[in-house]
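Following: one structure in structure tokens, then a few remarks.
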Amino acid sequence: MAQVFHLRQLLAELHGCNGQIGDPAALMAALARGAEQVGASVISDSLVTYTPHGSTVVVFLAESHAMVTTWPELDIALVDILLCNVSMDYEVVLREVVRLLEPARVSRQFYERPAPSC
């Protein structure tokens, strides 16, 4: 019988961000730090900035990805962390983003689902 892997995903909304929401390089560094802390392997990263403001920052991992999209004019950031390795704690990655953005409120949705491969 084939081994069953699990996809673990965290979607978080950060409201009332008082930190460095307009600094995509700092966001990229926070995601990379969090990935390193959980033992994930960074394969690549990407950054898109929007006019007049906002950005999407993605760190591609051997274990999947970590991503943040920002709306500085609304002080909101959306975070998506997907890890295939169930021993990795996605809260550690989120903590680095929260530390940087200093939100007034964080809401979370968690998903864990079987996957045929990862």
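Could you identify which residue out of Ser64, Ser44, Ser55 has the top mean-square fluctuation in a GNM of the chain using Cα springs shorter than 10 Å? Highest fluctuation among the options: Ser44.
Note that the range 96-111 has calculated 3J(HN,Hα) couplings of 5, 5, 4, 4, 6, 8, 6, x, 6, 8, 10, 10, 10, 10, 10, 9 Hz, one per residue in order, obtained from phi through the Karplus relation 6.51 cos²θ - 1.76 cosθ + 1.60 (θ = phi - 60°); glycine and proline are x.
In whole percent, what relative contact order does the range 5-115 give with Cα contacts below 8 Å and a gap of six or more residues?
45
For the chain, adding -39500 (n - 2.57) for each run of n ≥ 4 DSSP H residues and dividing by the number of residues yields -7500 deg cm²/dmol at 222 nm. Couplings 3J(HN,Hα) for the range 40-56, derived from phi with the Karplus relation 6.51 cos²θ - 1.76 cosθ + 1.60 (θ = phi - 60°), are 6, 9, 6, 9, 6, 8, 8, 9, 10, 10, 10, 9, x, 7, x, 7, 10 Hz, where x marks Gly and Pro.
Using only the alpha carbon atoms of the chain, find the Kirkwood hydrodynamic radius as the inverse mean reciprocal pair distance, in angstroms to one decimal. Intermediate values should be presented prior to the final figure.
Working: mean 1/r = 0.0700 Å⁻¹.
About 14.3 Å, per the Kirkwood formula over Cα pairs.
Between amide H atoms placed 1.01 Å from N, distances below 5 Å from Leu61 occur with Ile43, Ala66, all of them 5 or more places distant or on a separate chain.
A short reminder: the numbers here are calculations on the coordinates, not readings from a lab. These numbers come from a predicted model, not from an experiment.
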